[in-house]
Amino acid sequence: MDFNFSTLFQQVINGLSLGSVYALIAVGYSLVYSILSFSNFAHGGFLVVGGYICYGLLTGFDVAFGREVLLSVPSMGGIWLAGLGAMAGAGAVAVLTERLAYKPIREHTSMTLYLLIASMGVSIVIENIFVILVGGRFRALPQGTFPAATFDLGGGVTVNASDLLSLGFAVFFLGGLQFFLMRTRWGLAIRAAACDLRTAGLMGVNVSRLIGIVFFVAGILAAVGGVFLSARYTLYPQLGGITTKAFVAAVIGGLGSLPGAVVGSLLLGLAEMLTAGFVSSQMRDLVVFSMLVIMLLIKPAGFFGKQISDKI
Amino acid sequence: MGTLLEVKNMSVSYGAIRALRGFSLTLDEREIVAVIGANGAGKSTFMNAVMGMTACESGDVFLDGAALPRESWRIVRSGLSLVPEGRKVFTTLTVLENLRIGAFPLSKPDPRDMDWVFSLFPRLGERREQPAGTLSGGEQQMLAIGRALMSRPRVLLLDEPSLGLAPIIIRDIFAELRRINEEGVSILIVEQNARQALLLSRRAYVLQTGCLVKEGDSKALLADPEIKAAYLGH
Ligand SMILES: Nc1ncnc2c1ncn2[C@@H]1O[C@H](COP(=O)(O)OP(=O)(O)OP(=O)(O)O)[C@@H](O)[C@H]1O
Ligand SMILES: [Mg+2]
């Protein structure tokens with residue numbers, strides 16, 4: 001493929017759009033990491049839950065039952081309601097996962113390795129629930145869910161409305177998260193807990209509720225990512241595997257750091273799309289994991305990794 | 001002056017280690033009480049158990065005659081506030097944010113609380129936008145005390161506030177503790193620096209490997225030959 005300015009421009013837009021979806025996923029994952037110091041591998045499961053709830057609401061749950069058992073929501077505001085449902089559902093599943101699988105472990109040991117292993121288990125459970133419930137088929141969101149328009153910017157450069165939409169929504173939700181963390185009472189408590197969870201409890205913060213809130217927020221963000229991923233690709237029970245990319249982005253940006261997760265995600269999205277545009281689509285993952293290896297070699301803490309500077 | 005805080009027969013073990021054995025203590029309204037003891041005597045264990053941070057085998061804590069709840073966050077809401085050992089300020093948050101999180105239990109924080117903290121420790125006011133991790137050790141200790149006051153506690157608990165500080169800073173901080181007490185806050189302080197703690201407090205308890213070995217008026221303990229030899233050095 002020859003170098004060509006319009007391809008470059010187009011791939012940059014695509015890359016930012018993909019990167020912003022990664023960012024939604026990476027930020028939630030990083031948020032949980034910043035509080036509980038373990039990689040929550042079930043995070044991809046939350047995304048799948050969100051995707052299927054959205055799909056189900058849009059199609060009237062014919063997936064599960066083979067016929068329309070419910071009034072499907074397109075007539076009632078379509079993607080907006082389905083999206084809200086997906087967010088609420090994935091948030092609830094995230095909270096439930098914490099309460100049923102992680103809380104009992106947290107109460108018995110401070111070894112985060114057990115949490116990591118439990119999260120792998122939950123991830124497998126969620127994936128298989130969907131295999132049993134709806135089968136392993138690839139499913140596309142119904143036509144017309146998102147506007148299919150493309151904008152011609154001249155010079156052969158076109159931009160998909162859906163790319164702009166996912167970029168816009170990602171910015172909206174990341175901005176909302178930033179507002180929540182910086183401007184509200186519970187946001188302040190979450191930032192304090194990220195610094196020192198135990199001491200946050202001494203401030204009169206109900207730590208158990210705080211962790212619940214963190215998982216709910218992570219679930220919401222994962223659902224938004226899940227909806228846009230199912231629109232971009234398709235929906236299937238293993239879609240959560242794409243979280244690996246978000247993990248990589250979070251590590252590159254610095255585990256536990258939210259700005260890091262966003263920067264890492266955008267870099268990764270750009271790298272993927274530029275590789276796809278100028279080298280070959282097959283090389284995308286190679287580039288992603290090479291970036292991870294290089295980052296771990298030269299700056300293992302990532303761009304914004306936690307510096308240990310406590311004064312004793 | 002009635003009894004404000006009462007700890008009855010508290011025992012804590014870590015596996016086979018019995019860190020605290022049947023310790024009882026009372027703190028009157030507006031009183032300052034000290035617990036002194038060497039390294040590993042069980043002082044921090046006691047404070048953490050009172051605050052619900054460490055589970056105890058036995059023991060009851062009463063505030064104004066009513067049993068304290070079990071969870072730390074409820075204990076803070078009922079009027080106890082701990083300045084933990086090693087200060088534990090939130091290093092990534094600014095001085096102002098550290099004070100604001102201290103007021104978390106209050107439904108309507110009063111700006112005058114923060115003014116009061118700044119009047120006690122003017123150096124905090126000058127550094128209000130600075131991340132707490134960039135403060136000196138002494139300033140971090142002041143911040144930890146200020147943060148604990150923001151929840152308007154009836155009892156302020158301090159775990160070794162003198163740890164690692166220069167004598168002149170220790171004198172400053174202890175002078176402010178006296179001012180805080182004069183404003184009506186009762187103080188329970190745990191210290192290795194026995195001299196300072198005994199000078200500050202009205203009564204004191206002496207802990208040795210988890211057991212109470214002596215208690216009494218701080219003045220009397222300061223003059224006690226055994227205490228002098230074991231805890232006051234010279
Ligand atoms: N989490 C823990 N697990 C096991 N043993 C512990 C734990 N915390 C404290 N201990 C033990 O309990 C005993 C009392 O410790 P504690 O920290 O209460 O002493 P301290 O009086 O506060 O000492 P210092 O003056 O050094 O702070 C010590 O023998 C200590 O080793
Ligand atoms: Mg101690």
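Here, each number is a calculation from the coordinates, and none is a lab measurement. Here the structure is a predicted model, which means the values were calculated and not measured. So basically every Cβ, Gly included, is an ideal-geometry build from the backbone, and we count neighbours across all protein chains shown.
General observations
- Among the chymotrypsin sites (Phe, Trp or Tyr not before Pro) found in segment A:81-162, those both in a DSSP coil and sparsely packed, with 16 or fewer other Cβ atoms within 10 Å of their Cβ, are A:Phe138.
- Tensor-based shape of chain A (alpha-carbon gyration tensor, a/c under 1.5 rounded, otherwise prolate or oblate): oblate
- Descending principal axes extents, segment B:37-194, alpha-carbon based, whole Å: 45, 39, 31
- Around A:Ile190: net Lys/Arg minus Asp/Glu count, Cβ-Cβ under 15 Å: +3
- Residues of segment B:22-61 falling in the label zone of B:Lys219, defined by backbone nitrogen less than 18 Å from a point 7 Å along Cα to beta-carbon, are B:31-34.
- Beta bridges per DSSP with both ends in chain B, % antiparallel, nearest 5: 55 percent
- Close amide-amide hydrogen proximity is noted between B:Val83 and B:Leu157, B:Leu158, B:Asp159, each under 5 Å apart and 5 or more residues distant or on a separate chain (H modeled in the peptide plane; Pro and chain starts excluded).
- Between 0 and 90°, nearest 10: helix B:167-182 axis offset from chain B longest Cα axis: 90 degrees
- In order along segment B:79-87, phi translates into HN-Hα couplings of x, 10, 9, 9, 9, x, 4, x, 6 Hz, rounded to whole numbers, per the Karplus curve 6.51 cos²θ - 1.76 cosθ + 1.60 with θ = phi - 60° and x for Gly and Pro.
- Longest site-free stretch - chain A; sites: GluC sites (Glu not before Pro), DSSP loop, at most 16 other Cβ within 10 Å: A:108-312
- Taking amide H as placed 1.01 Å from N in the peptide plane, the amide H of B:Gly22 sits under 5 Å from that of B:Met10, B:Ser11, B:Val12, each at least 5 places away or on another chain.
- Inter-chain Cβ neighbour count for B:71-78, averaged per residue, equals 5 (cutoff 10 Å, partner chain atoms only).
- Counts of other chain beta carbons within 10 angstrom of each beta carbon in peptide A:190-201 average 6.
- Separation between Cα centres of segment B:1-76 and segment A:130-164, rounded to whole Å: 61 Å
- Summary: within chain A, the longest segment free of trypsin sites (Lys or Arg not before Pro) located in DSSP loops with at most 12 other C-beta atoms within 10 Å is A:138-312.
- Beta bridge orientation in the protein assembly as shown: antiparallel %, DSSP, nearest 5: 60 percent
- Net charge in the neighbourhood of A:Ala200 (other residues with Cβ under 12 Å of its Cβ; Lys, Arg +1, Asp, Glu -1) is +4.
- Length-normalised contact order of chain B in % [C-alpha pairs under 8 Å, at least 6 apart]: 28 percent
- Computed from Cα atoms, the angle from the helix B:111-120 axis to the main principal axis of chain B rounds to 60 degrees.
- Computed Kirkwood radius, in angstrom, where 1/r is averaged over Cα pairs of the protein assembly as shown: 26.2 Å
- In range of the label at B:Arg178: residues from segment B:101-120 whose backbone nitrogen is under 15 Å from the point 7 Å along Cα→Cβ: none
- Where Cα atoms sit under 24 Å apart: lysine pairs in the protein assembly as shown separated by 8 or more or lying on different chains: 14
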